[in-house]
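The values are calculated or read from the model by the stated rules, or taken from the named source; none is laboratory data. These numbers come from a predicted model, not from an experiment. Note that each Cβ is placed from the backbone with ideal geometry, even for glycine, and that neighbours are counted across all protein chains shown. Note: areas computed on protein heavy atoms with side chains; ligands, DNA, RNA excluded. Shrake-Rupley method; radii C 1.70, N 1.55, O 1.52, S 1.80 Å.
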Amino acid sequence: MGEFKVHRVRFFDYMPTAIRAMAFNAHTERLALGRMDGSVEIFNFADHYFQEKVIPGKDSRSIEALCWVGGRLFSAGLNGEITEYDLENLRPKYSLEAYGGPIWTITSNSQGAHLAIGCEDGTVKLFEVLEESIQFERNLDRQKGRIISLSWHPSGTQIAAGMMDMIRVFDAVSMLTTVLLVDRGFGGSKSRETVVWSVVFLSDCTIISGDSAGKVQVWDGHTGTLVKTHLVTKWDVLALSVSKDESSVVVGTSEGTVIQFQFIAPTLQQQQDKEWVRTRTFKNHTHDVRALAEIETAIVSGGMDTQLVVRPLLEKFDERSHASALRKIQFPHRNLVFCAKKAGLLLFQFPGQLELWRLGESDGHGKPGDSLPLKRKPEKLLHLKRKGEDHICCSALSSCGGWLAYSTMSSVRLYRLQTDNNDISITKVPKLPKILRSAHQLCFSSDSSKLFAASSQSSVLVIALSQSECKYVHTLKPKSGSRQPIHLMTNSVDGKWLATANSDCEIHVYNVQKLKLHCIVPVYGSCPSAMGIHPTTNNLTMVHADQQIFEYSIVEKQYTDWSRKLQKQGLHNLWLDRDTPVTHVTFNPKNPEQILLHDMHMFCIIDQSLPLPDQKTQFYNQMTLRSLSEQERPSHLHAFKICKTFQDLLSVSLLDDQSLVMVERPLLAITSQLPAPVRQKKFAT
Amino acid sequence: MATLCEGFTLCGLVQTQNASDSPIQGIELDEDSDHAVVTDSTRSVTLYKVSDQKPLGSWTVKQGQLLTCPAVFNFQTKEYVVVSDNKVIRVWKDEDLNLDKAFKATVTADVWRVHSAPGGEPVVLFQRGAVRFLDSLLSAPQQPIEDVLSEEEVIRWSASIVAEEQHFVLFTTEQNGECCLYVQRLNPNTLQKYRLEREDSGASPLSFSASLRDKHLNLLYLYPNGCVYQSVVAARGYVGLEGVQDLPRSLRLRLPVGEGELGAASAVALDEAHVAVVGVPHPSARTGKDFLCIWNTNFQTLQAGILRNWSFVWCYLGKLFVPHGKALSIIPYECQKSSLASALGKLRHTGIAVSKSSVAVPSWNTLLHGDQPQGPTKIVETRKSVRNVKLGVNCVQPQPHQTGPVDEVQREVEVLVSRGDAQDLQLSVGQLACHLVARSQAETAFYTPVALAQLVQTQFLCHSVCPGLLLLSLEHKDYFLCQLCLQLFPDIPEVVTCACLKTFISNEVLQTPYSDNFLLPHLKDLDTQQVILFLQYLQFVYLKYSQDVYTQTAGLRSPTMTQIIDWVCLLLDAHFTVLVMAPDAKGLLSNLQSFVKSQVKLFSELGKIESSLQELHKMKLSKDISQYSIEVIELF
């Protein structure tokens, strides 16, 4: 196959922010995740946990809690506002000031008719959910002290509120309130107020609470008596989540553990006398577990250590399989790195800024495994801070390195870059067409003459670029009438084709020269996670969240023979078992048989000229091939050449000089930037 | 010496219908070294705490189901794995109470064994020879399993061995009386097939045992005729060999079998020199084959034995697990290296260039008495097999050494030594040396220093072959020959070493192998003047070396620092009370004391900077991960 020179880049200081809240919609199987920077991510649990949508954050927005009402998503935060999101345009639909000071929690009743929020000023406010908005209805009895947590009784007539040192139960019918007093911690913490971080209200009127003294308490809501106290940690119990059938409750703590309680009979003899028993402890986090959801077959948790963990409950599976494996989602399922292949430049996208780097150079050659001496070090050319409060949602760099664009929710900015030798000059293009207000995706044509911007309802704006001006040309619209946003966009090297993919799993191919829709690729059931158009054959290669690979001939409007062969034979199980999606597809212009792909843990070159591996073939065979002699090798070759030398990959691209650029972000580096976890006494320390 | 300690009963057993069948399928360890996972031959798995002899947990499959492979512990996931009814893999944890509720997966082919070892992933070996990692198998249980073995080939035995970063599954098969060994390396997967040499009787091995030593896989197997063979397969490096290889073997041990052949017997390698054998008669007992014996394979000596009725044995962590009658017994054992054993390794310091070729130590009783040879005990790896050595005294003709004058004897020896055949030479050299020594002892005028030196230099002699030689040379004050013997004999008894010491002090004496316990009483025979002189000499050597450590060239035979210090300690131990009283030893003792003080101080200082040095080591590692590098990779 051959040798490659690899630029191993570890200077992209990508830092995900902590997870603050999550809400699972069992009906649509979507998980909404709120992060500290105010961004919201939607994961499709029905489609391999694919990160389907990302709503960028905003400086002034904070999310304390998320809540689904049907297919509508609401959040509330310490800025005192309730926000409903427009999931089609990936932006807040509206925000409403609740006039109760910072909001700690938001929750809807099971009927989906009302929202309740808990405010700093001690009020619980009820909002009626209307067709297009929400409307304030009334305040429940105002209390002294803030309302930290809320939970509706499934009947919708009672609501339990976690406060400081107490839980209050409001009855909407009788207007009575019951007070449950929560103990403080022992010793020094006796003087500190106990914060009831989380409550759940079960249909049998049992209330379960978790508090800052490390207790999980079970209360009888009828009598207002404490049934049982479980001291689970020396630190805080932060989050609680109850399973749909109310037989299990999971608890997240500051120590990073998730503890499960189950409603079971403690002895085999008395099956009737059930009680809440602590059963299992999971430790998949290093820091606070701030958000939890117990779904049908798994426990989903997230917190300060920024990763989303899906821990399947093994008793819900008949046999060990792909679905029963622990999953950690650490990196976004989209690109944050853009590479100018001709110019050897890298663009890193952060929420607040863009960084432009020039790669280093080396002279001489080396044996495989060698590090080459550097002639020139990599250099940071540009640090471009965004304007305004909105975070950057997408960006693009032209392959010549002459243009740079980014978009926030409220504006698109385009810059002209000029580099002569060591000097770089950046000029903002002043007048952009008015129609170009914001974009979900941006990309430049390969000759840098056009800018494509993915706009609302899966449409694409075509903007012509020249030295003197920047002109709106056309809007490409899909025929399907989909309202979903575009999350992938790629164009062909000859400038003729543009392909877009949206969250409805639709892939449209447009003829850019004729400015019309060329064809729709047959819709496949899993969302495409990466795609690319081949530079010579104009075949579109798509990789989906379920790891399937398709190749579609744009010219012939049908799947290629290779793709059919691959589908007929099936992909190797070890390929299908990988648990991170492919996030980039690119090609080798010098060797048209090669397709380059990568996910977080591996980089792969598919050589279409080689036989496909069947299930009996050793799939990861690079080590074996290395040990074989030149003559023996050909009989062991197969199409998938997988290299795992590079880990925690954010991006892989092939420069025009045939060298690879691997952008790694070691998880260890992310961990080292996190605040210190709560101190745990370990033996002999 | 190996000793068997007093055994104890771990648990009772259900007697099987066929007495030769083991009531136990297997015994495995889990992460606690004091635990044993015992799988019986029918339906249950029990976890025992060995020291308390009590069960910690027991799991049973339903009536009608049958466990078909011993339960193993998965050291990575802390789960137990067992196979029932050949195809159903069950995985459970310590805290699971019911095996039926545990995770199970049905695979498409019959499983032979699941193997697990600390530091490695569990591996499933199918009856048709295919091998899968448990994890990958469970992720797709219905995956097709290929046939590796031919139709009538059946697996007889299997084992898995995990060495640093290498994982092996070994199994032996049998087909029409032909036995083969398969070595499956995992990651990368390669399979190598070896054909075992056929025993003359056509019988197949009764038991196998595999171990890893010095980066070689050692396979030990026992035939019904009592022969224990060892075969060695290199563990490292890729074997680019196609097809079936013949597996060379070497005879390690020929056990006395009594009348007839062995029925059910089993041999397990304990360490490089010791083998535990059950189901074999005790040489000194007349009847019965029901002994557990430990044999030293280097010297063909029986080290320990107990009478019980048994035929299977497992060995873990210094304990033998033996089912017998209605109970499972545990017998702790110890294998200490004696002076004899250390001749083959312990004190022959590797830093010193001794002789390049290994010293072959023949079994003396064979050679001296000319009865059926058992072959050399030190394995020569390159040899394909042990040839039947049929060589007696009559080969050396004419025999001037019986009566002829010195120069004639000299000539005869030269002729003999110049002959090439090492195997024959070994025998005849021993014979000749013995005769010469015997004649020298009888005729005081007869002494052939040159001839003897030549014989010693062939390196086929050792002290036990010709015990009189060294003493004879001492008698004749032939120090050259003494030095030579000390240099080349691996097995000089401590008493002789001390006798040498009394006459002369050398480098050579310090380097002779010894064991403390045996040497100490003989050292006490030295008188004070000798001790003081010796200590002074040791101190001189020590100071000389400590000044210029690096001048110790590899070719020069010089004792190591450790050897010198060891001798100083031994001498002081043996004579301390006398030395304290002796006025002329005072200066020497105070010198030694100040030396010890300085050493202690040095070590405490080293201890202080140890952690700093470790930090330096770590820093070097972290430097490797730079922010940016340009590397070259190769894809195939």
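When the convex hull of the Cα atoms of the stretch B:167-276 is projected onto a plane and the area is averaged over all directions, what value comes out in nm²? Intermediate values should be presented prior to the final figure.
Values: hull surface 29.0 nm².
Result: a mean projected hull area of 7.2 nm².
Working from the Cα coordinates of the stretch B:34-142, the gyration tensor eigenvalues give, after taking √(5λ), semi-axes of 22, 16, 12 Å in decreasing order.
Computed FRET efficiency, Cβ-Cβ of A:Lys380 and A:Gln262, R0 60 Å: what is it to the nearest 0.05? Mind showing how you got there, number by number?
On the way: r = 53 Å, r/R0 = 0.89.
The value I calculate is 0.65.
Site pair A:Val555 and A:Gln631 shows an inter-label distance of 4.2 nm when each label is modelled 7 Å from Cα along Cα→Cβ.
Evaluated on the stretch A:572-685, the Kirkwood hydrodynamic radius is 16.6 Å, with distances taken between all distinct Cα atoms.
Taking the charge dipole of the stretch A:278-426 about its Cα centre, with +1 at Lys and Arg Cβ atoms and -1 at Asp and Glu Cβ atoms, the residue from A:Ser398, A:Thr408, A:His285 reaching farthest to the positive side is A:Ser398. Of the residues making up the stretch A:363-380, those losing 40 Å² or more of accessible area when the isolated chain is joined by the remaining protein chains, with a 1.4 Å probe, are A:Pro368, A:Leu374.
How high is the FRET efficiency between B:Gln166 and B:Gln143 when r is their beta carbon distance and R₀ equals 25 Å, given to the nearest 0.05? Don't skip to the answer; put the middle values down first.
Numbers: r = 25 Å, r/R0 = 0.99.
Using R0 = 25 Å, I get an efficiency of 0.50.
Taken over the stretch A:520-575, the convex hull of the Cα atoms encloses 88 Å³ per residue.
Full extension of the segment from A:Met175 to A:His222, taken as 0.36 nm per residue of separation minus the current Cα-Cα distance, would add 15.4 nm. If you take all other residues with their beta carbon under 11 Å from the beta carbon of A:His287, and give Lys and Arg +1 and Asp and Glu -1, the sum is -2. Taken residue by residue and averaged, Cβ atoms of other chains lying within 10 Å of the Cβ of A:2-10 number 5. A simple count of charges around A:Leu451, restricted to other residues whose Cβ falls under 13 Å of its Cβ and scoring Lys, Arg +1 and Asp, Glu -1, yields +2.
Can you compute the helix-only [θ] at 222 nm over the protein assembly as shown? Use -39500 (n - 2.57) per DSSP H run of at least 4 residues, normalise by all residues, nearest 500 deg cm²/dmol.
Details: 18 runs with 206 residues, N = 1321.
When only DSSP H runs of four or more count, the value is -5000 deg cm²/dmol.
Modelled label positions at B:Lys601 and B:Lys544, each set 7 Å beyond Cα in the direction of Cβ, lie 2.7 nm from each other. Put one equal scatterer on each alpha carbon of the stretch A:36-154, apply the Debye formula with no solvent term, and list log10 I(q)/I(0) at q = 0.09, 0.15, 0.20, 0.21 1/Å to two decimals. Log10 I(q)/I(0), no solvent term: -0.24, -0.65, -1.11, -1.20.
Provide the per residue accessible area, probe 1.4 Å, for the stretch A:459-552, rounded to a whole number of square angstrom.
Working: 3290 Å² over 94 residues.
Result: 35 Å² per residue.
Could you give the length gained by full extension between B:Cys569 and B:Val154, i.e. 0.36 nm per residue of separation minus their alpha carbon distance, to one decimal place?
Numbers: separation 415, 0.36 × 415 = 149.40 nm, distance 5.84 nm.
Taking 0.36 nm per residue and subtracting the Cα distance, the gain is 143.6 nm.
Overall dimensions of the stretch B:105-248, expressed as equivalent-ellipsoid semi-axes from the Cα gyration tensor (√(5λ), whole Å, largest first), are 25, 18, 13.
Once both labels are positioned 7 Å from their Cα atoms along Cα-to-Cβ, the gap between B:Thr108 and A:Lys471 label points is 6.3 nm.
For chain A, the calculated P(r) over all alpha carbon pairs, in 10 Å bins from 0 to the bin holding the longest distance, is 3, 14, 23, 23, 18, 12, 6, 1, 0 percent. Any residues in the stretch B:183-198 that have 40 Å² or more less accessible area with all protein chains than in their chain alone, probe 1.4 Å, and which are they? At a threshold of 40 Å² (probe 1.4 Å), the residues of the stretch B:183-198 that become less exposed are B:Pro188.
Rounded to a whole number, what is D in µm²/s for the stretch A:160-211 from Stokes-Einstein with the Kirkwood radius over alpha-carbon pairs (25 °C, 0.890 mPa s)? The estimated diffusion coefficient comes to 208 µm²/s.
Computed from the mean reciprocal separation of all distinct C-alpha pairs, what Kirkwood hydrodynamic radius does the stretch A:296-365 have, in Å? Write out the running numbers ahead of the final one.
Values: mean 1/r = 0.0624 Å⁻¹.
About 16.0 Å, per the Kirkwood formula over Cα pairs.
Taking the accessible area of the protein assembly as shown, probe 1.4 Å, and keeping the other protein chains in place, the carbon and sulfur fraction comes to 52%. The stretch A:523-567 and the stretch B:581-597 have Cα centres separated by 88 Å. Kirkwood analysis of the stretch A:3-72, using all unique Cα-Cα pairs, places the hydrodynamic radius at 13.9 Å.
Across the stretch A:253-301, the convex hull enclosing all Cα atoms gives 85 Å³ per residue.
Using bins of 20 Å that start at zero, the share of Cα-Cα pairs per bin across the protein assembly as shown amounts to 8, 26, 30, 22, 11, 2, 0, in whole %.
Per residue of peptide B:132-140, the mean number of Cβ atoms on other chains within 10 Å of the residue Cβ is 3.
Note on the stretch A:455-561: the alpha carbon radius of gyration divided by the globular reference 2.2 N^0.38 Å gives 1.06.
The listed peptides A:357-367, B:86-96, ordered by packing as a protection proxy, come out as B:86-96, A:357-367 (highest mean of other Cβ atoms within 10 Å first). Quote the FRET efficiency, to the nearest 0.05, computed for A:His27 versus B:Cys5 with a Förster distance R0 of 60 Å and r equal to the Cβ-Cβ distance. So, using R0 = 60 Å, E works out to roughly 0.30.
Can you tell me the dipole magnitude for the protein assembly as shown around its Cα centre, using point charges on the Cβ only (Lys, Arg +1; Asp, Glu -1), in Debye to the nearest 20?
Details: 129 positive and 137 negative charges, 611 e Å.
About 2940 debye.
Among residues other than B:Leu13 whose Cβ falls under 9 Å from its Cβ, what is the net charge (Lys/Arg +1, Asp/Glu -1)?
Working: positive: B:Lys326; negative: B:Asp40.
Overall, the nearby charge balance is 0.
Largest accessible area first, the residues A:Met602, A:Met623, A:Met1, B:Met561 order themselves as A:Met623, A:Met1, B:Met561, A:Met602 under a 1.4 Å probe with ligands, DNA and RNA left out. Here is the interface size for B with A: some 3400 Å² of accessible area buried, both sides summed, with a 1.4 Å probe.
For the stretch A:150-262, which semi-axes, largest first and in whole Å, follow from the square roots of 5 times the eigenvalues of its Cα gyration tensor?
Values: eigenvalues 100, 58, 21 Å².
In descending order, the three semi-axes are 22, 17, 10 Å.
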